[in-house]
Amino acid sequence: LESFYSRQLRLSPHVLGHSKAHVGRVVAELVRAAKAQGLQPGPLALSLRGDFVRIGSAYEQHKVRSPDCFDILVPLRLPPHLEPQPHRADGPGPHGAFVCGLRARTGWPRRYRPFAEGFCVELQGRSHLSSGLVLRWFQGHLQRCLGAVRYRLQERCRISLSACPGHPPMLHIVPCSDYVCCHISMAVRLIPAIPLGDALYLTALPPEGTQPSPTHEALWGLNASRQEQRLLSWLKEQAPASSCHLKCLQILKGLRDLRGQGLEEPFCSQWGRVLSSYVLKTALFSLLLQMPLEAWDERFLAERLEDLVLYLRDCLRKQVLMHFFLGNTSLPEAVAPPRFLKEAAPVNLLAAFDRPTLDLAAFQLINTWILAPHIIRMYSSPRYLRPALTP
């Protein structure tokens, strides 16, 4: 396990630091330009708030293999009179996810009609902010700002923007060879986000089919990345300096990826979705609070990794792994979630999968752990190693 971690999973702090700094400079330039070009008088337009929020494994110290993919939230400013409307777990929208609508309050002024026509869909007689229309505006707005930014950054790097319908735009950064010592091409997913306050954001749900319905476009997903970062910071302070909890997460992600290379479709795709990085991280959070943090000392790496595998196996068999923050009343006081999360209905992250799929995933997970040395040797050869995918 140690050899697998050090040779294939561990990132160079030097390279990761350079990559994050370079991404931060480029994104700051683009956001600044987009905010300046989007300023319009009056409340009847979308615009950027002017900041950005770094999220994901690269900023939580558990990214694996290569620092070439990053996630950035770009908060937007919205007109007033839009209110969040959380939906029940068994209501419309994808199972296993918290969904929320942003609907116009009753008595929305007539002067807001141009905004409603440009960015809203009608649902049950009320205007709801459309995630699809917001994404389309966001992509076009960034594309229009790219020229000026590209000119200012031409000595540092080459940048381009790609967009796929229904998905956040991807910023591609190719550093100039004489500017940085780490010549890694990077992809940055720029995610438009609606601020809810208390470091919570709403983001567009993944697309559903080729023609998303108005109901799907009227729903948004919750992003609580800042709450997760606070929890990880608190764990770092409380746990031993040599704690292995993040290394356990990295190794399990590495084993999941290797095992996926030997699986056949359609289960291969389901394997990656059932054991998504978010599911693995949620399971780790839950397990961490069930035992003394001293038990996560580096000396007990194999034991804690086995505990995590067995905990996940049990969750898959029971078909239940609850979202860590939604409705969780047993969180430490130091990381108490905001009221919006406390009052939200709990969400089962595995609700989207049927029992045969989860039973097969549980079997393959245990099989992967038992055969870990063989899987590492077999699928780590150059013949099986695949290039890293963009996020």
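Summary of computed values
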| read-out | value |
| --- | --- |
| Distance between the stretch 23-38 and the stretch 57-80 - C-alpha centres, whole angstrom | 15 Å |
| Nonlocal amide H pairs with CYS120, under 5 Å, H built at 1.01 Å | SER130 |
| Calculated Rg and Dmax of the stretch 272-391 using C-alpha coordinates, Å | 16.7, 51 |
| Global form of the stretch 286-348, assessed from the alpha-carbon gyration tensor, a/c cut-off 1.5 | oblate |
| The chain, accessible area per residue, ligands and nucleic acids excluded (1.4 Å, Å²) | 48 Å² |
| Carbon/sulfur fraction of accessible area - the chain, other protein chains in place, 1.4 Å, % | 52 percent |
| Residues HIS183 and ALA241, FRET efficiency given R0 of 41 Å [Cβ-Cβ distance, rounded to 0.05] | 0.80 |
| Label zone at ALA36 (point 7 Å along Cα-to-Cβ), backbone N below 11 Å, the stretch 133-175 | 148-149, 152 |
| For the stretch 9-224, size of Cβ-based charge dipole, Lys and Arg +1, Asp and Glu -1, in debye | 480 debye |
| Between the stretch 255-284 and the stretch 309-323, the alpha-carbon center distance in angstrom | 14 Å |
| Loop GluC sites (Glu not before Pro), the stretch 201-275, which have at most 10 other Cβ atoms in a 10 Å radius of their Cβ (DSSP) | GLU264 |
| Rounded if a/c under 1.5, otherwise prolate or oblate - the stretch 92-182, Cα gyration tensor axes | prolate |
| ³J(HN,Hα) computed for each position of the stretch 333-338 - Karplus, 6.51 cos²θ - 1.76 cosθ + 1.60, integer Hz, glycine/proline x | 4, 5, 10, 4, x, x |
| Selection from GLY125, SER162, ALA199, by position along the positive dipole direction of the stretch 112-263 (Cβ) | SER162 |
| Value at 222 nm in deg cm²/dmol, rounded to 500, when DSSP H runs of n ≥ 4 in the chain each add -39,500 (n - 2.57) | -12500 deg cm²/dmol |
| Charge-dipole axis of the chain as Lys and Arg at +1 and Asp and Glu at -1 on Cβ define it, positive-most pick from GLY140, ALA187, PHE300 | GLY140 |
| Residue-wise HN-Hα coupling along the stretch 322-332, computed from phi with Karplus coefficients 6.51, -1.76, 1.60 (Hz; x: Gly, Pro) | 7, 3, 5, 9, 6, x, 7, 9, 10, 6, x |
| FRET E, pair HIS172, ALA351, Förster distance 35 Å, beta-carbon r, rounded to 0.05 | 0.50 |
| MET322 long-range amide H proximity, modeled H, under 5 Å | LEU349 |
| Chain lengthening between LEU289 and ALA28 when straightened (0.36 nm per residue, less Cα-Cα) | 90.3 nm |
| Protection proxy ranking of 110-119, 96-105 - average other beta-carbon atoms within 10 Å, highest first | 96-105, 110-119 |
| R0 of 30 Å, Cβ-Cβ distance ARG65-LEU146: FRET efficiency to nearest 0.05 | 0.55 |
| Additional length obtainable on full extension of the chain from ARG136 to GLU264, 0.36 nm per residue less Cα span | 42.6 nm |
| For the chain, size of Cβ-based charge dipole, Lys and Arg +1, Asp and Glu -1, in debye | 1020 debye |
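The values are calculated or read from the model by the stated rules, or taken from the named source; none is laboratory data. It should be emphasised that the depicted structure is a prediction, and the values quoted were computed from it without experimental measurement. Positions of Cβ are backbone-derived with ideal geometry, glycine not excepted, and every protein chain shown enters the neighbour counts. Just the protein is used for accessible areas: all its heavy atoms, side chains included, with ligands, DNA and RNA removed. Shrake-Rupley method; radii C 1.70, N 1.55, O 1.52, S 1.80 Å.
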